[in-house]
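Below is one structure, written out as structure tokens; the observations come after it.
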Amino acid sequence: MDGTEGSQIFIDETGKTVSVNGDAKITTSDYKFPTGSGYFDGSGDYLSIGTSSDWDFGGDDWTIDFWVKYPSIQHNVATFFLGNIDDRGISLWTMTNKGNKFQIDLTSDQNNRYIDDLVTATANTWQHIAIVRSGSNVYFFVNGTLSKTLNVGSDTFNLGSYNFLIGSGTTSGYYTNCYVDEFRVSKGIARWTSDFTPPSSPYEYDIKYEEVTTLTNGQANTFDACTNALYKIKIEGTTGLKYLGGAVYFK
């Protein structure tokens, strides 16, 4: 979550609109990776990303992962919530009634609830959080260590009709005081299923290329690239060409 100090402009790399509520803002005074993070003061601050088919996970794999730093651990507040607190969803909370703990809370389309509140949350340090669905299991990782496995069977999570909230559990409460950096949602990808080393650099948006044509020396070819995809053209041969190893003309 990069930007200038105090900015309330949050950019989603997939093009989704991020609505800012309260005085949630970019800060450059504390972050996991330069040059900034999102700061939520726990008093009405949250981000909202609108309804999307990207939130319709079904029974397939998915990953939600991010970096977070809590100035202190608070009770019954949500770091993020995708869904509806009175219905179904995927969310992460902090609790103090059993010590300073994370609470992972999942309620499926089948109205089955899966919950765990035994993993310790630590204040004043950056922690990498990953919640991963792979097959019938949902894995909860803190700093790359597998901390909990929940078996959800064949349950589905189709949450595309809900907004994705970061920094709160609803639009009117359960606000968290925290810093958040590098928040990522991956549909169809189980990024980790066992202990791993957390990312050591900012995430890069996954770009998938489709190779559509191969050209050799002197060969001409045309194709329609006017779709919502990125294309890679493979060029073979270097005769008479300097630097590029090939040339392509787009009209």
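Between Asp86 and Leu150, what FRET efficiency follows from the Cβ-Cβ distance if R0 is 25 Å, with the result rounded to 0.05?
The pair Asp86/Leu150 has a calculated efficiency of 0.75.
If we count every other residue with Cβ under 13 angstrom of His75's Cβ, Lys/Arg +1 and Asp/Glu -1, where does the sum land?
+1
What are the residues whose amide H is under 5 Å from the amide H of Thr170, where those residues sit 5 or more places off or on another chain and H is modelled from the backbone?
Hits under the 5 Å cutoff: none.
Scan around Thr35 for amide H atoms under 5 Å from its own, H built in the peptide plane at 1.01 Å from N, and keep only partners 5 or more places away or cross-chain.
HN-HN under 5 Å from Thr35: Gly3.
Let's test this: bin the Cα-Cα distances of region 1-139 at 10 Å from zero up to the farthest pair and state each bin's percent.
The percentages, shortest bin first, are 11, 38, 38, 13, 0.
What number, in percent, do you get for the relative contact order of region 46-111 if the mean sequence gap of Cα pairs under 8 Å and at least 6 apart is divided by its residue count? Present the calculation step by step, with values, prior to reporting the outcome.
Values: 72 pairs, mean separation 14.9, N = 66.
With pairs under 8 Å counted, the relative contact order is 23 percent.
For the residue pair Ser161 and Glu204, what label-to-label distance in nm results when each label sits 7 Å from Cα along the Cα-to-beta-carbon direction?
3.9
Every number here is computed from the coordinates shown, using simple stated rules; none is lab data. Just so it is clear, the model here is predicted, and its values are computed rather than measured. Glycine gets a Cβ as well: all are built from the backbone with ideal geometry, and neighbour counts include every protein chain shown.
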